[in-house]
Amino acid sequence: MARNDEKITSNQLVAIMISLIIGIGILSLPREVTEEAGPDGWALIIIGGIVSTIVAFIITRLGDLFPGQSVVEYSKTLLTTPLGILYSLGFILYFLFFCAFEVRVFAEVLKQFLLDRTPTEVIAATFLLTSAYMVRQGVASMGRMAELLVPAIIIPYFLFLLPAVGQMKYDNLLPVLRTSPLKLLSGAAVVTTSYLGFELALLLQVYMKRPKDAGKAMLIAMPLIMVFYLAVVISTVSVLGIHEVKKIIWPSLAIFRLIKVPGAFLENIHGFIMSIWVVSIFMTLSGFYYGAVLTLSRMLKLKDHSLLVLPLAPVIYFFSLVPDNVAKVYDFLDMFSMYLGIPFGFIFPVGLYVLAKLRGIKPKEGKDVEKPAAKND
Amino acid sequence: MLKNLPRRMTSLVLVIALAAGISGCWDKVEIDDRAFVLALAIDKFEYSEEEKARVEEQGAEEEQQGMTPKEYPADSRRNRIVVSIVYPNVGLLGGKGGLIPEDMKFPMSTVGPDIYECLSQLAISMSKDIFLGHLKAVLVGEGLAADRQLFMEVLDDMDRNSEISRNVYFIVVEGKAQQALFIEPLVEPIIGTYIEKIFETSARSSRFHQKKLGDVLRSLDIHGDALAPRLVMRERELAVAGSCVIKDYRHAGWLGEIETRAVQWIDNMVRGGIITVYVDDIPVPYEITEAGREIKIQHDAGGNLRMHILLKGEGNIVGYKFAEKQELMDDKFIKSIEKAIEEEVVAECTGVMDKLQHQFGVDIWGFSEYLRKYHPEIYDEVGKDWEEIFPEVKMLFSSDIKIRRIGITK
């Protein structure tokens, strides 16, 4: 089918990355960094951002070495076939878990703030099915959708933040950099998981019109995300103060309960922020969902990935309902970031790149420009 | 045409099934089915002596008759707090007229173990869904605020709620909160809006503490201490006046209106107000238009902490005495009035600081937070035992008052 032959532009990759990476983590991000580094939480965002940008760039360099191949194929070359298959299977599991967390936290937050009588199951299922529809359309539709939605997420967010400027007390960020460097580094490990998602480039680079531009796209996307995260953390901490940020489960949402738009008909802009956030989670879920489907379809060498979309939905749904309560959700999420997120996002891609360099693999010239990706095998 | 029929039927069934099953909103509530609670009053459940005696008598009587005495309210673990709400007649407010047009609002009250159980008890006698999203004010009775355990429970009930905004006004009532809530004020019929308006329009008087629920909760969260505005009941009106000192999650005492202004000046919160000083026995009202403060902290020779607080103000003289020989339009005279005001301000602040340092022993300004932010090296030294150190800190006040204008006559 033609779907998998469609290509995305480098701008679309930037948009996909931004909408993908900004997800559930954003709600608890100010709390997590403040727990680690107190008023210096913003420094963690910068450290995490730099590390993630470097790794994201390495991932695209890795892709450059194997034109027309995604990680599913070249991991077999680099790691031998059985290990490569194992790697891909792990990757699928990683994506599925990620999807499950997106769905679950989405349902929890929505139930807490908006739909307190709608069963979690219904929220999760409707959300998942909508996303499945998106994923079936393939990467080009996702690219176009992301291009449309990213401005619709970022611009209103900053607009709604404007009335809060008067309530921001920047002395909440004092004292500056009194946290020990060691603590900053160990804290940065926690925060890097908020940048997870860039590893999707391992798969998406193949679908670019000009795969060589992927590196540049990542170098644009990651710092933009970092700036957005910085804005969120600084605004949240300066409005609430570090003590309250540490206490509230989703502080980034809480500040919008404090903001009053002067003279507005609706006092609470909380609802608008929720809807922006729903859109951004939708793109995040779709991205990871697509990642899982794509890895599986490339492993099975299917021509059309859309067959696999619906069968995976119950799996995600099942995983998402495993944790008993919101405390358990975050326990699992911590475990997940430690044991799956950091390896699959940071260690393995860098490892693969080092392996490729050690083997002295050189990119084959001129092969990647025209050739449709799905037909390389 | 007919060939496609089964297919069309299937898609039709599917469309209907999807429309019914997939639309996720199960939470639709019609706006007139909601009771918008604008004010919530919470009191400790207390028995008056006569009632207690009556209940005991009744119990004894029943025991005499060979029955096991019933559990009476005073003995029950469930009767801990009294929650009262008022919700306006939305139909009337919208100009359409409700079912009972003469009633502007509906007050209700019940007794229970916690806020939410009380609300659910209230709900069973109401035809509407209780909604706290538009809550304007929470009134807490003096008795409740004095009970540490209960007070902490109530605070958490509110802190945890996602409906209650942190912009709600949190006020401690001198007396019973329920009584304040059920007053029928002359000026503004609905208590919640009434209180909101007082805060919005009268904050410039600096005569009450201008903090909201979020501020009080934050302060309590950090130190266990806070200053909350106080509500005073009058015949047919309410007054937000002065403040309530909360120490270690418990009501510790009141501060008057002038004291509260001094506290706020030290906290850099004063935006206006009137100070009257006496010059040659003539009262001179001074209107504050701008105020600020500066803090300097150092160790003195003995190694103790010393805080210098400079209170700055700008403003106008708005009254003097008619046909008085001494004209106000005289720089030297203005300077002498400035001096008198400065002395007054320093005296007020010294007084309230002394009270809070030595009588209450509460750092309601959160100076420890100030130290943590601006003087982290001092904070590292004293932060842990700030509670003991605070009363020992030497506080030195000075003031710098400027009179800019004197009105339109000489």
With everything on Cα atoms, drop me the angle between helix A:10-21 and the longest principal axis of chain A, reported from 0 to 90° to the nearest 10. 50
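What ranking do A:8-14, A:162-168 get when scored by the average of other Cβ atoms within 10 Å per residue, highest first? Intermediate results must be reported in sequence, preceding the final value.
Details: A:8-14: 22.1, A:162-168: 14.1.
Going from most to least packed, we get A:8-14, A:162-168.
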Give me a single rounded figure for A:116-128: the average over its residues of other chain Cβ atoms within 10 Å of their Cβ. 3
Angle between chain A longest axis and helix A:214-240 axis [Cα atoms, degrees, rounded to 10]: 20
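Just to check, using Stokes-Einstein with a Kirkwood Rh over alpha carbon pairs, what's the diffusion coefficient of region B:166-230 at 10 °C and 1.306 mPa s in µm²/s? Walk me through the numbers before you get to the answer.
Values: Rh = 12.8 Å.
Reported coefficient: 124 µm²/s.
Which net charge results when you count Lys and Arg as +1 and Asp and Glu as -1 among the other residues whose beta-carbon is under 12 Å from that of B:GLU57? Could the numbers behind the result be given before it?
Numbers: positive: B:LYS52, B:ARG54; negative: B:GLU50, B:GLU51, B:GLU56, B:GLU61, B:GLU62, B:GLU63.
That works out to -4.
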For B:GLU392 and B:GLU237, what does the FRET efficiency come to when R0 = 35 Å and r is the distance between their Cβ atoms, rounded to the nearest 0.05? 0.25
Over what distance in Å are the Cα centres of region A:15-48 and region B:141-160 separated? 34
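Could you work out the mean count of beta carbons from other protein chains within 10 Å of each residue's beta carbon in A:168-176? Show your work: numbers first, answer last.
Details: counts 0, 1, 0, 4, 2, 1, 7, 8, 2.
Mean partner shielding for this stretch: 3.
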Once you place label points 7 Å from the Cα toward the Cβ at B:ASP129 and A:LEU86, how far apart are they in nm? 5.4
Based on DSSP H runs of at least 4 residues, each adding -39500 (n - 2.57), what is the mean residue ellipticity at 222 nm of chain A after dividing by all its residues, to the nearest 500 deg cm²/dmol? -22000 deg cm²/dmol
For the protein assembly as shown, treating each Cα as an identical point scatterer without solvent, what Debye log10 I(q)/I(0) comes out at q = 0.08 1/Å? -0.84
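Calculate the FRET efficiency for B:THR201 and B:GLN64 from the Cβ-Cβ distance with a Förster distance of 56 Å, rounded to the nearest 0.05. Please report the intermediate quantities before stating the final value.
On the way: r = 61 Å, r/R0 = 1.08.
So, using R0 = 56 Å, E works out to roughly 0.40.
How large is the charge dipole for region A:131-251, taken about the Cα centre, if only the Cβ atoms of Lys, Arg (+1) and Asp, Glu (-1) carry charge, to the nearest 20 debye?
Details: 11 positive and 5 negative charges, 40 e Å.
Result for region A:131-251 is approximately 200 debye, rounded to the nearest 20.
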Chain B - percent relative contact order, Cα under 8 Å, separation 6 or more: 12
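Using only the Cα atoms of region A:281-361, build the gyration tensor, take square roots of its eigenvalues as a ≥ b ≥ c, and label the shape rounded, prolate or oblate: rounded if a/c is under 1.5, else prolate if a/b is larger than b/c, else oblate.
Values: a/c = 2.93, a/b = 1.23, b/c = 2.38.
Oblate shape, in that a/c is at least 1.5 and b/c is the bigger or equal ratio.
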How many angstrom separate the Cα center of region B:276-347 from the Cα center of region B:366-406? 21
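How large is the dipole of the protein assembly as shown about the Cα centre if only Lys and Arg carry +1 and Asp and Glu carry -1, each at its Cβ, rounded to the nearest 20 debye? Display every interim value, and only then the final one.
On the way: 83 positive and 95 negative charges, 995 e Å.
It works out to roughly 4780 debye.
Arrange the following residues from fewest to most other Cβ atoms within 10 Å of their Cβ: A:THR192, B:THR110.
Starting with the residue having the fewest Cβ neighbours, the order is B:THR110, A:THR192.
Would you please calculate the Kirkwood hydrodynamic radius of region A:8-369 over all C-alpha pairs and express it in Å, rounded to one decimal? Don't skip to the answer; put the middle values down first.
Numbers: mean 1/r = 0.0479 Å⁻¹.
The answer is 20.9 Å.
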Order by neighbour count: A:VAL51, A:VAL139, fewest other Cβ atoms within 10 Å first, most last. A:VAL51, A:VAL139
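List B:HIS251, B:HIS134, B:HIS358 from most exposed to least, where exposure is judged by having the fewest other Cβ atoms within 10 Å. The partial results should precede the final answer.
Values: B:HIS251 21, B:HIS134 17, B:HIS358 10.
Going from least to most buried by this count: B:HIS358, B:HIS134, B:HIS251.
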Report the full-extension gain for the segment A:ILE46 to A:THR130: residue separation times 0.36 nm, less the Cα-Cα distance, to one decimal in nm. 26.8 nm
State to the nearest 20 debye the size of the charge dipole of region A:8-369 about its Cα centre, where the only charges are +1 on K and R beta carbons and -1 on D and E beta carbons. 860
What's the extension gain from B:ARG34 to B:LEU18 if we count 0.36 nm per residue and subtract their Cα-Cα distance? 2.8 nm
Using the membrane-span-like helix rule (whole DSSP H runs, Cα extent along the own axis of at least 24 Å, mean Kyte-Doolittle hydropathy at least 1.0), which helices of chain B qualify? B:5-22
Phi-based couplings in Hz for region B:382-389 (Karplus 6.51, -1.76, 1.60; Gly and Pro marked x): 10, x, 5, 10, 4, 4, 7, 6
Cα long-axis angle, helix A:41-65 against chain A (0 to 90 degrees, to the nearest 10): 10
Scaled to the compact-protein estimate 2.2 N^0.38 Å, what is the alpha-carbon radius of gyration of region B:268-405, rounded to two decimal places? 1.27
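Among B:229-240, B:322-333, how do they line up by average Cβ neighbours within 10 Å per residue, starting with the highest? The partial results should precede the final answer.
Numbers: B:229-240: 18.1, B:322-333: 9.7.
Answer by packing, highest mean first, reads B:229-240, B:322-333.
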Relative contact order for chain A: what percent, with Cα pairs under 8 Å and sequence separation of 6 or more? 41
Given springs between every Cα pair under 10 Å in a Gaussian network model of chain B, which of B:ILE124, B:ILE317, B:ILE266 has the largest fluctuation? B:ILE124
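No value in this document is a laboratory result; all are computed from the given coordinates. If you're wondering where the values come from, they're calculated on a predicted model, not measured in any experiment. Positions of Cβ are generated from backbone atoms using ideal geometry, with glycine treated the same way; all protein chains shown enter the neighbour counts.
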